[in-house]
Amino acid sequence: MAEALGKLTITSTSSRSGPSSRMITDVIKLLLFLLPFLIITPALTLEFRYHDNSEIEQYLLQINASNPDITHLYSIGRSVRGQQLWVLAVGRSPRRHTVGIPEFKYVANMHGNEVLGRVLLLQLIDNLVHGYRNNETWSLQLLNSTRIHILPTMNPDGFDDAGTHCQYSQGRFNYNGIDLNRNFPDAFAGLRRQQQVDKEKREAEVRAVIGWLRTESFVLSANLHGGALVASYPYDNSNSGSELVGGASVTPDNDVFIHLAKVYSHNHASMHRGERCDDSTSFLDGITNGYQWYPLTGGMQDYNYVWAQCLELTLEVSCCKFPPVRELPALWTQNRRALLAFIRQVHLGDKGRVFDSSGVPVQNAVVEVKGRRNMCPFRTDRHGEYYRLLLPGNYSFTVTYPGHEVLTETLNVPYGPGLYSAMKHDFLLQRTPSNPTQTNLTQTNLTQTNPTQTSPTPTCNYTLHAEGGGGGAITRPTWTGVVVALWFVAALRSMTD
C-alpha cells in the first residue's frame, strides 16, 4: 500500500553510516509542515484503462484519505462473494446530509460486462476533486450545492467473470447467475405483495441498494449501462392500466423525465442524434420510455421512483459493452459534459420543509402536486424536507398531515439548475380542532426534539434510518488514518534506505 501511495526519497551527502539525528529531526519537521498539503493533494494519476476491483478500492481509499474535507468513503454492503460495494460521497459536507442540500447518486456496472460506466465514474471523481482543488468555478458551485454519491461498481463479482466481447459475453449476472436489474420489487406486481417478499429472496447487491435508499433521501439518480446509446426513463413495466399511453408506460412526472433524458442526450457528443448501434433500434433525440423500448420486471429505476421518490434514468453510454482501452479517453470526453449537466438537474423545481403548528419539522407529511398523483405519495423525510423536481411553471401544492388542516398553495417555480438551487418554500401547517385526549397526545409528541413522525402507509415503505452515509447497515471505512500513517512510515523509511 505504501508503494501505491508513493515514496518520498531524500538524497543526502552524509556519511555511509546514514543521516545524522539532527538531519532526521529536520526532515521530520519538514514532513510535519508539508503533511497537510500532501493530504489534500491527490497523488494518483488516474489512467484510462480498466481497473480491477482491488485497484478501484485502493483508488477510492486514497482519494478519500487525500481529501477528507470534501469526500467520504463508505460501503453499502457486500456482493455475494463478499466484495465491498464502495460509495464515495463528494461535497462540502460529505459525511452527512445538510438540510437544503439535495442528494444525488450515480451507479455503474450493475451488469458486470457493461464496464464503461466504471471508467466514467472514476474519471468523474477525479475531475470533481481536481476541479475543486484548482478552484474551478464549475466544481466549486456543484460541490457547494450538492452531495454526490458515486458507486463505481454494483456488481463486482460479475466484472471479475466478464468477457471482453463488444456485445455477447459472460459477466452480465451476479455470482448467483441473477440479473440484478430484474431483481427489485416491481410496482406493477402489487405494492404490498412485493414489499412483503422475503428479503432473503433478493440478491445481496439488490438488498444493499434497497437499504441504501432507505438511509439517504436521494432526489435524482442515474444508472450507467452499455450496449446502446440512449437515455431511458420510467416506467419499465406496466399492467396495462391508465399508465399505458401510446405504447409507453407513462409516469405522473413524464414531462420531467423527458426533460432529464434530453439533458443527458443533448449534452452528449452524439447521443441526441439517435443513431442506432449495430443490432438496436434508433431513438428520436436519443431518448426512450423504458417500457416502449422493451418491458422489464423488477427494474431498479422504477423502484427508485416508486418507493424512494428518487427520479432515476438508465443511461446506455456506449454501443460496445466492453470498449477497447484505446477508445476510453474519447468516450470520457463524449460523456463528461452530459454527466455534469445531469447532476445539475437535481436543482430543478421546489424544495423546503413542512412544519407543524408549533414550528416543528414533520416527517411523512404528504406533499402532492396537482396532476401528479404518484403510486406512493411523495412525503417529507426525517428532517421534514421535501424535494419536487418540476419544470418552470405554476403548480398547486397540497400538503396533508394528521391532526392538521389540509394546506393548498400555488407556487411559481423558476428554473433552478442555472442557480444551483431549486426554489425554496416552506409550508407551515395549522392544527385542526381536536378532542382533549388527542390534544394531550399531540403535545407529548411535540416535546420531542426529532421531527414528528407518523406511520407510513401499509403499501409504501418510507423507513429511514437515523443517519445516512454510514448509518444502519452501511459501513464506514476506518482505513483513512491507516493509509496516511503507512504513507508517513514509508516516507521515513525511505530516508534510511
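What follows is calculated from the coordinates using simple rules that are stated; it is not laboratory data. Owing to the predicted nature of the structure, the values given are computational and were not obtained by experimental measurement. Positions of Cβ are generated from backbone atoms using ideal geometry, with glycine treated the same way; all protein chains shown enter the neighbour counts.
Using 1/(1 + (r/R0)^6) with R0 = 25 angstrom and r between the beta carbons of THR137 and ASP69, what's the FRET efficiency to the nearest 0.05?
According to the calculation, E is roughly 0.85.
Sort out for me the Cα centre separation of segment 286-317 from segment 206-276, rounded to whole Å. Comparing the Cα centres of segment 286-317 and segment 206-276, I get a distance of 4 Å.
Relative to the globular-protein estimate of 2.2 N^0.38 Å, the Cα radius of gyration of segment 117-239 stands at 1.27. Taking θ as phi - 60° and the Karplus parameters 6.51, -1.76 and 1.60, the scalar couplings of segment 394-403 work out to 9, 9, 9, 9, 10, 10, 10, 7, x, x Hz in sequence order, x denoting glycine and proline. Per-residue extension of 0.36 nm, minus the Cα-Cα distance of ASN239 and TYR168, leaves a gain of 22.5 nm for this segment. Between THR408 and SER421, the modelled label-to-label distance comes to 3.0 nm, taking each label 7 Å out from Cα in the direction of the beta carbon. Each residue of segment 302-318 was assigned a 3J(HN,Hα) from its phi angle through the Karplus curve 6.51 cos²θ - 1.76 cosθ + 1.60 (θ = phi - 60°); the sequence is 5, 4, 4, 6, 6, 9, 10, 6, 10, 7, 10, 10, 9, 9, 8, 9, 6 Hz, with glycine and proline shown as x. With a simple spin-label model that places each label point 7 Å from the Cα along the Cα-to-Cβ direction, the separation between THR432 and ASN144 comes to 4.5 nm.
Could you sort the peptides 315-323, 160-168, 139-147 by per-residue average Cβ neighbour count (10 Å cutoff), highest mean leading?
On the way: 315-323: 23.8, 160-168: 15.3, 139-147: 19.7.
Ranking, from highest mean packing down: 315-323, 139-147, 160-168.
Computed across segment 49-135, the Kirkwood hydrodynamic radius from all distinct Cα-Cα pairs reaches 14.0 Å. Multiplying the residue separation of SER270 and THR333 by 0.36 nm and subtracting their alpha-carbon distance yields 21.6 nm. Placing R0 at 51 angstrom, the Cβ-Cβ distance between ASP160 and SER357 gives a FRET efficiency of 0.35 after rounding to 0.05. Close amide H partners of LEU229, meaning residues 5 or more places away or on another chain with modelled amide H under 5 Å apart, are CYS277.
Shape class of segment 55-103 from the Cα gyration tensor (axes a ≥ b ≥ c, square roots of the eigenvalues): oblate, since a/c reaches 1.5 or more and a/b does not exceed b/c. Highest average first, the peptides 236-245, 71-80, 90-99, 214-223 ordered by how many other beta carbon atoms sit within 10 Å of their residues are 214-223, 71-80, 90-99, 236-245.
Roughly how many Å is it from the Cα centre of segment 350-426 to that of segment 63-101, as a whole number? The distance from the Cα centre of segment 350-426 to that of segment 63-101 comes to 28 Å.
In nm, what is the difference between 0.36 nm times the number of residues separating GLU47 and ARG373 and their Cα-Cα distance?
On the way: separation 326, 0.36 × 326 = 117.36 nm, distance 4.65 nm.
This chain segment gains 112.7 nm when fully extended.
Strictly greater than 14 Å: what percent of every Cα pair in segment 335-407 meets that? For segment 335-407, the fraction of Cα-Cα distances above 14 Å is 64 percent.
Annotation: amide H-H contacts under 5 Å for GLY403 (H modelled 1.01 Å from N, sequence separation of 5 or more, or interchain): none. Starting from the Cα gyration tensor of segment 124-194, take the square roots of the eigenvalues, sort them a ≥ b ≥ c, and report rounded, prolate or oblate (rounded when a/c is under 1.5, otherwise prolate if a/b is larger than b/c, else oblate). The shape class here is oblate.
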